[in-house]
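The values are calculated or read from the model by the stated rules, or taken from the named source; none is laboratory data. Because the structure is predicted, anything quoted here is derived from the model rather than measured. Because the Cβ atoms are built from the backbone with ideal geometry, glycine has one as well, and the counts that use them run over all protein chains shown.
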Amino acid sequence: MGHSLIHNLQANIVAVATIFAIQALPAVAQQAATGDVPIERQKILKDPGVFGVFTIFKLRHEWNNVPSAKRKDAAVEVKKLIEKHRDIVLVDLYLTRGLEANSDFFLRVNAYDLVKAQIFMREFRSTTIGKNADVFEALAGVTKPLNYITKDKSPELNAALGSTAYTGDAPRYAIVIPVKKNAEWWNLPAEQRLKEMEAHTAPTLPYLVNVKRKLYHSTGLDDTDFITYFETNDLVAFNNLLISLASVPENKYHVRWGNPTTLGAILSPENVIKALSE
Amino acid sequence: MGHSLIHNLQANIVAVATIFAIQALPAVAQQAATGDVPIERQKILKDPGVFGVFTIFKLRHEWNNVPSAKRKDAAVEVKKLIEKHRDIVLVDLYLTRGLEANSDFFLRVNAYDLVKAQIFMREFRSTTIGKNADVFEALAGVTKPLNYITKDKSPELNAALGSTAYTGDAPRYAIVIPVKKNAEWWNLPAEQRLKEMEAHTAPTLPYLVNVKRKLYHSTGLDDTDFITYFETNDLVAFNNLLISLASVPENKYHVRWGNPTTLGAILSPENVIKALSE
Amino acid sequence: MGHSLIHNLQANIVAVATIFAIQALPAVAQQAATGDVPIERQKILKDPGVFGVFTIFKLRHEWNNVPSAKRKDAAVEVKKLIEKHRDIVLVDLYLTRGLEANSDFFLRVNAYDLVKAQIFMREFRSTTIGKNADVFEALAGVTKPLNYITKDKSPELNAALGSTAYTGDAPRYAIVIPVKKNAEWWNLPAEQRLKEMEAHTAPTLPYLVNVKRKLYHSTGLDDTDFITYFETNDLVAFNNLLISLASVPENKYHVRWGNPTTLGAILSPENVIKALSE
Amino acid sequence: MGHSLIHNLQANIVAVATIFAIQALPAVAQQAATGDVPIERQKILKDPGVFGVFTIFKLRHEWNNVPSAKRKDAAVEVKKLIEKHRDIVLVDLYLTRGLEANSDFFLRVNAYDLVKAQIFMREFRSTTIGKNADVFEALAGVTKPLNYITKDKSPELNAALGSTAYTGDAPRYAIVIPVKKNAEWWNLPAEQRLKEMEAHTAPTLPYLVNVKRKLYHSTGLDDTDFITYFETNDLVAFNNLLISLASVPENKYHVRWGNPTTLGAILSPENVIKALSE
Amino acid sequence: MGHSLIHNLQANIVAVATIFAIQALPAVAQQAATGDVPIERQKILKDPGVFGVFTIFKLRHEWNNVPSAKRKDAAVEVKKLIEKHRDIVLVDLYLTRGLEANSDFFLRVNAYDLVKAQIFMREFRSTTIGKNADVFEALAGVTKPLNYITKDKSPELNAALGSTAYTGDAPRYAIVIPVKKNAEWWNLPAEQRLKEMEAHTAPTLPYLVNVKRKLYHSTGLDDTDFITYFETNDLVAFNNLLISLASVPENKYHVRWGNPTTLGAILSPENVIKALSE
C-alpha cells in the first residue's frame, strides 16, 4: 500500500467523518430520544433521528371464526393499546383490504427509540387482531436531515420545496414504496448524485399541492435503502407524479422500487379495525 | 446549480404541468366521479378517470366442506351484492378454474372513485365464497385519455383505431396481462416513445376485428405500469396478436409482461359462482 | 407521421395479415373444432388448432386420511370421467411422484375448443383425487402448422424431419418443458430466426429415433411462449439431445427453459391414480 | 438454405452422432441396467449410466404428534424398505436437521433404471416418516464417462486425478450443490470448454486428499445441468476448495450454483431416522 | 495441453497449496476443536476455525394455543439446554419480533466442531418453543484468519483496525447480513482484491467506536459467501456505515447483500424467550 493510497485513505476517513458529522442528529432530537417527553404528532413527523416501522398485515382465515363480539371489541383494544403507549410511539393505521392481495391493513409506528417501536409492535401482535394476522412485510427506517436538496447545495430547489404547500382535500389514500439503489448509484461522485437528485426533485414540484411525501432511510436496517411514504386525495395526480419520477435518469439506478407498493385508505385506527371486524 | 440547470428545471416544470393539464380528467368524468349517478356500462368502460380493480381469487380447500346448500346460495348472494352496489361500481366476473394454477375466478370492478371499489371488494370478501377464497393478485389502475396515438400526434393510426370495429362472435375469453416498463423506456424522449408506440400499434390493427382491448394505468398504484385487458373469441388470433406485440422494439423495454397472465372464461357473475359451487 | 412511416405501416399491416393468413387453421381443423366428432387420438395429436392444457398436481397431505376404499375407487372415478368426455377431449396422465418435488402427477388434455378442456379439468377438480390435490402449474397452448422448417423455407431439414421414424422401445417417460424467448428473439428478422431454427433443428435429427417431440404455442395464453413435450425410453439420449439444444445460438434468446422441467412416467390414467392410491 | 449451410448441417449431424457415440453407455453398464443383478455399492458408485435421485425432505409439524412408539418404529420401517429393494437401488440418507432451514434429511438413491428409483421413492413416501415429510427439492441425474479430463484430451490432469487418493478421516459431512450453466457456456467451442475445465480441475487437485466428489448430469431431466456431490471431514478445506472453484473463469458461466446448497451429516439410514424420532 | 499450460497448472497448484497453508487453522484452534475444553466466550469469539450457525425462527400460530404455564416454562427449558451444552457450544439469542416480517427470534451458535452445533440445534428444535417455531433461514460459516488486511499485506489499515476500540454504550441491537460475491470478484487478481478490500475497510474505521463486527466464511457451506454480524447501540451510525460500504467499488461485485437483513434486540436467552411467552 503506497503513499498515495494511504493519502487517499486518510482523505477518505476525513470525508466519511465529515459526512457523519453532517448527519449526526441535532441536539434537540437527541433529547427527545430519551423518551421522557410525550409524542407530539407534528414534531415527530418533522424531526430527524426518528425511527419509522411499517408493518403490513394480512388477516388469517381464522379471523372469520373469532366470535363476532370479540371481533367487535378488537377496535377498542387497539385504541387502548395506542393510548397506553402514546408517550413513546405515534401510531397510524391504514386499510388495504379490498385493494391489495397480500395485506388487509398496515401500521406506521414513529418513535425516537427503535426499541420502543418494537415494544409497541410486540404488544400489538398479542391483541386479538394481532394474533389473527400474519406479517407480510416489515420495514424499519430512520429520518435524517435533507441530504441533497439543502439550502447550501441546491438553494433554488430547496426554496421551492419549502414554499409550496399542500392545498388539496384531506388525503384519503396513503402509499408506501420501498426504494433500493444499486452499487453504481452509491459509487457516483457526490456532485453527480446531487445533480441527479435535482433532476428527480424538479418534476415533483407541481405535485406538492396535491401529494405529501416523507422519507425514511433504511440501508443496513432492512433490505431496502429508503421507505417512501405518500399521502394524497388525487390518485391520478399521484400516478402522474410517479411517472415523472420514473422518467428521470435516477430511475436507472433503482434495483427495488415497490415490491411491494402498498396502497391503503387513511382512517382512524379504530375505524380500520372496525372495517375489518364487520 | 447554474443558470442553465435552473432554466432546464423551469422548462421541466412547465412541461410537467403541461402533461398534467393534458391528462387532467375532462369535466364530465369529474362529475361522474361524484358517484351520485347510476353506473352506465358503456359509458364507464369508455370514460377516462375510471378506476379498475382486478382481484384474482383461488378457492380455499375449505370450500369443499361448505354444505352444498350454502354453496348453491353463494351465486345469489353475489348477484345481490352486485345489485346493491350497482350505483357505485360495475362488476364483471370471469371463470379461470380448469385453466389456471393460481386462481379459480377473478373480478374486474370499475368505479369513478377508488374507495367505492374498495368498499365493494371488502363486502365481497365477507360473502360465503369470498370468505372461502384467497386473493392471489390484486391490481388497481385508472383509465386515461389516449397518450400517444391521438388525433394530433398520430392522425392516421388514430383514425385506423377508430374506424375498425370488432366483428367476431361474442367473446368467450378474457385475458389480463400486467405490463411494466424499465427506466430506459421512461427516459426516452417523448417523440421516440411516440414512434415506438406507433410501431407497437400498427401490427395490432388487423386484430381489431377479433380482439377487444382496454388499458388501465397503474404506475405508483401497484407494482406494474399498466393493466392490459383483452376479450376475444379467437385464441389463435389472440396468440398471433401477442406474438406481433412481442416482435416490435417496444418489447425490449418490458420488465414485466404477464406474471401473471390470466386467462378466464366470460360468464355472468351468477354463472361463474354457480360453476364453482357444483 | 411522415409518408415513409405510413408506407412502412401499411407494409407492416399487410405483412401481419399475411402471417395471420399462413397461420390460420386449415378448414379441416376448423370443422373438427365444432366438437361434434369423437376424438381420434392419432388425428388430434397431429392437427393444428388443437389446444393443449397441462395441469401439474401435488397431492395434499389430507389424501393420506381419505379412507383406503375411497382412495381405491378414485382410479375408476377418473377412468369414468375420461370416458364421459371422450368426445370432446383426449386425456393423458403421467406419474411424477418419486421424481419431482412439486408434483405427484400431471394431465395433458387435448381439445379442439379450449372451453371443453376447461370443462373437463373443472370436473376433474371435483373428483376425490382432484379435491385432494393442489395445482402446482397449469399451462395452455395451441398447436400450429410448422413455422420455420417448412417444405418451402427449409426443404432439406423438413424432409429429414419427415423421413426419420421413432424406432425405440415404447417410451416410459414424458418430459414437459416450457420455453419463453426474449424480446431480442422476437425482433430478429424472419430470415435470421429461420437460420437459428435450422441450427436448432439440425442436431436434433439423430435423436428422432429415440425421442418423440410435440409443440404447443402459448404466447399470450400463459407466461410462456411454448410448451415442449417429449416422450422417450432412453433418458441418456434425451439428456444428450437437450445438451445439443443448449449448444446452439438460439439458446441465448431463452428467458425460460423449464421452471418447471417435469419428468413423469407414462402409464394409463387408471394406473397413475392406482399408484397414488396405495 | 444454401449448399454451405447444408454442408455445415451434415457436418453437424455427424458431430452430434459422434458425441452421442462417445457418450453411449459401455456394454457392461447396459447389462447392469437390466436390473437382475444385486446392487454392489462400489460398482454402482463408479459406473456410468447410473441414475441418481436426490430427494430433500422437511418434516411436517404433524410429525411431533405421531405417538412416540410409532415414531421409534420409523427407523426400522425405513431400514426394512431399503433391504427389500437392495437388488434395485442403493440408498443413502443424510441428516440436515439443525443445519438447514428447508430440510431435515435427504436421500440419495442410485439405480441403473430410473423407474426403479421412482418405485423406491414412492414407497418411501408411504412410510410413517415419508407421510409426515414434505419434499423440498428433488433432483434426478445420470452418471456419464468423463467428458473433458480424459486420458486422451487432458492426459496429465487425468493422471493426477487418478493418482491422488482420499487420505482424510472418514467423512462426516456430505454436500449437494446443483450447477447450471448459461447458453454462452454451451455455445463455446469444445476446445475452449476443455481449456476452462482444465483450469477448473487444476486447483481441485490439492483437495483430493480430503474431499471426495461425484457428478450426475441433469440437463433436460431437471432444472439444473449437474448435481455435484461431495463428502468430507474437513469443512475448512472444503470451503477453500469451493473458493478455488469460484476463482476460475468457468464460474462466470454459472447461472445456478447451489440454490439450494445442502449440507448434511453422514449417518446410517437407521441413525438418521432415529435422530429425527427423538 | 501444451507445456505452458502445464506450467501454469503446476504454478496454480502451488499457489492453491500456499493459500491453503495460509488459511490452515493454527494449532491452538485445532486443539480447541477436539471439544474437550469448556467454551470460553471471549476466546471462541476470536479464534479462527470456529463454526457459526445462525438459525432464524418464526413462531407458528399454534404457539398462541400452548397453555400459558407451559409457555412460561419455555424460557427455563431453553436456559437449561444451553447450560447442558455449555462445554460444546456458545449460544446467543436475539429478539426480532416487532421488527421483522419473517422471524420472531434468532440464535447464533458458535462451536469448534460443526456436528456439536448441529446436536445443540436439533435439541433446541425439540423444546416447547422449538417445536412451535419454523426455521425461516439457517446459515453456517466458519471463522478464518484475516485474509486481506493483514500485518504483512496492509500494515497501516491493520494497525488502525487493531488500535480503535468500541467505546459506545452496550449494544442493544444485532444485525446479520449474508454477503455473496460474483464470479468477477473471485476471478480478480489477489492484488486487485486486496486493493478493493482496503477501499472497503478504510471508510469503516470511523465506525469502529460504535459498531462491532464479526465475519464467518460460508462458500460451499451455504448459498452465501459470508455471514456478516454487527452489534451496535447507534443505528444511525450503523446506517451511515452501511451506506459507506455501499459506496465503494467492491459493492459492484455483490450478488447478495442481505436477503434477509435481520435486525434484532440483544437480550439474554431467557429474556428473549420470556418476551415471546407473554
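The residues of the range B:48-63 that are facing chain A (nearest Cβ under 8 Å) and of a type in the set (Gly, Ala, Ser) amount to a single one, B:49. Comparison of C:143, C:150 shows that the only residue that is more than 8 Å from every other protein chain (Cβ to nearest Cβ), hydroxyl-bearing (Ser, Thr, Tyr) and surrounded by fewer than 21 Cβ atoms within 10 Å (Cβ to Cβ) is C:150.
One line per residue, one yes/no per condition, for (1) within 14 Å of chain C (Cβ to nearest Cβ); (2) surrounded by 15 or more Cβ atoms within 10 Å (Cβ to Cβ); (3) in contact with a Phe, Trp or Tyr (Cβ under 7 Å, 6 or more places away or on another chain):
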| site | (1), (2), (3) |
| --- | --- |
| D:133 | yes, yes, yes |
| D:156 | no, yes, no |
| D:163 | no, no, no |
| D:170 | no, no, no |
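When the range A:56-65 is limited to residues that are in contact (Cβ under 8 Å) with a residue 40 or more places away in the chain and more than 17 Å from residue A:226 (Cβ to Cβ), the one that is surrounded by the most Cβ atoms within 10 Å (Cβ to Cβ) turns out to be A:57. Candidates are the residues of the range D:119-145 that are assigned to a loop (DSSP other than H, G, I, E, B) and touching a strand residue (DSSP E or B) at 6+ places or on another chain (Cβ under 9 Å); the one that is farthest from residue D:214 (Cα to Cα) is D:132. Determine, yes or no, whether residue D:128 is more than 29 Å from residue E:56 (Cα to Cα) and among the β-branched types (Val, Ile, Thr). The answer is no for residue D:128. Residues in the range A:189-227 that are without any contact (Cβ under 8 Å) to a residue 40 or more places away in the chain and more than 21 Å from the chain's Cα centre (by Cα): A:189, A:190, A:191, A:192, A:195, A:206. Evaluation of residue A:116 against the conditions (1) outside any loop (DSSP other than H, G, I, E, B); (2) touching a helix residue (DSSP H, G or I) at 6+ places or on another chain (Cβ under 9 Å); (3) more than 23 Å from residue A:72 (Cβ to Cβ) shows that the sole unmet condition is (2). Within the range B:261-278, the set of residues being surrounded by fewer than 19 Cβ atoms within 10 Å (Cβ to Cβ) and facing another protein chain (nearest Cβ under 7 Å) comprises B:278 only. The set of residues in the range D:217-227 being facing another protein chain (nearest Cβ under 10 Å) and surrounded by 20 or more Cβ atoms within 10 Å (Cβ to Cβ) consists of D:217, D:218, D:219, D:220, D:221, D:222, D:224, D:225. Selection of helices (runs of 4 or more DSSP H) fully inside the range B:159-248 by the criterion of at least 2 residues being in contact with a strand residue (DSSP E or B) (Cβ under 9 Å, 6 or more places away or on another chain) returns B:183-187, B:235-246. Of the residues that make up the range A:66-76, is at least one loosely packed, with under 14 Cβ neighbours inside 10 Å and within 14 Å of chain B (Cβ to nearest Cβ)? Checked against the condition, which is being loosely packed, with under 14 Cβ neighbours inside 10 Å and within 14 Å of chain B (Cβ to nearest Cβ), the range A:66-76 yields at least one hit.
Whenever a residue of the range C:126-141 is closer than 17 Å to residue C:115 by Cβ, its partners that are surrounded by fewer than 22 Cβ atoms within 10 Å (Cβ to Cβ) and modelled with pLDDT of 95 or more, lying with C-beta atoms within less than 6 angstrom and at least six residues away or across chains, give the pairs C:138/B:101.
Can you pull out every residue in the range A:148-178 that is of a type in the set (Val, Ile, Thr) and either out of contact with any Ser or Thr (no Cβ under 6 Å at 6 or more places or on another chain) or without any contact (Cβ under 8 Å) to a residue 24 or more places away in the chain (or both)? Before you say what the answer is, go through the steps one by one.
Looking only at the range A:148-178, we keep the residues that are of a type in the set (Val, Ile, Thr), and these are A:149-150, A:164, A:167, A:175-177.
Once the filter is applied, which keeps residues that are of a type in the set (Val, Ile, Thr) and either out of contact with any Ser or Thr (no Cβ under 6 Å at 6 or more places or on another chain) or without any contact (Cβ under 8 Å) to a residue 24 or more places away in the chain (or both), the range A:148-178 yields A:150, A:164, A:167, A:175.
The single condition among (1) assigned to a helix (DSSP H, G or I); (2) within 22 Å of residue C:174 (Cα to Cα) that residue C:109 does not meet is (1). Figure legend. Inter-residue proximity from the range B:77-99: first residues more than 12 Å from every other protein chain (Cβ to nearest Cβ), second residues crowded, with 22+ Cβ neighbours inside 10 Å and among the small types (Gly, Ala, Ser), beta-carbon distance below 7 Å, spacing 6+ or different chains. Indicated pairs: B:88/B:111.
With the condition kept exactly as written, say whether any residue in the range A:112-122 is in contact with a Leu (Cβ under 7 Å, 6 or more places away or on another chain) and β-branched (Val, Ile, Thr). Scanning the range A:112-122, I find no residue that is in contact with a Leu (Cβ under 7 Å, 6 or more places away or on another chain) and β-branched (Val, Ile, Thr), so the answer is no.
Exactly one residue out of D:95, D:99, D:114 is buried (at least 21 other Cβ atoms within 10 Å of the Cβ), modelled with pLDDT of 95 or more, closer than 23 Å to residue C:235 by Cβ and assigned by TED's automatic domain parsing to the domain that holds residue D:217, and it is D:114.
For residues that are of a type in the set (Val, Ile, Thr) and within 14 Å of chain B (Cβ to nearest Cβ), scanning just the range C:174-207, find the one that is surrounded by the most Cβ atoms within 10 Å (Cβ to Cβ). Can you show your working first?
Of the residues in the range C:174-207, the ones of a type in the set (Val, Ile, Thr) are C:175-177, C:179, C:201, C:204.
Next, only the ones that are within 14 Å of chain B (Cβ to nearest Cβ) stay: C:176, C:179.
Details: C:176: 24, C:179: 18.
Filtering the range C:174-207 for residues that are of a type in the set (Val, Ile, Thr) and within 14 Å of chain B (Cβ to nearest Cβ), the one surrounded by the most Cβ atoms within 10 Å (Cβ to Cβ) comes out as C:176.
Looking only at the range A:55-74, decide whether some residue is over 20 Å from residue A:117 (Cα atoms), in the same structural domain as residue A:139 (by TED's automatic domain parsing) and either under 15 Å from the mean Cα position of the chain (by Cα) or hydroxyl-bearing (Ser, Thr, Tyr) (or both). Within the range A:55-74, one or more residues are over 20 Å from residue A:117 (Cα atoms), in the same structural domain as residue A:139 (by TED's automatic domain parsing) and either under 15 Å from the mean Cα position of the chain (by Cα) or hydroxyl-bearing (Ser, Thr, Tyr) (or both).
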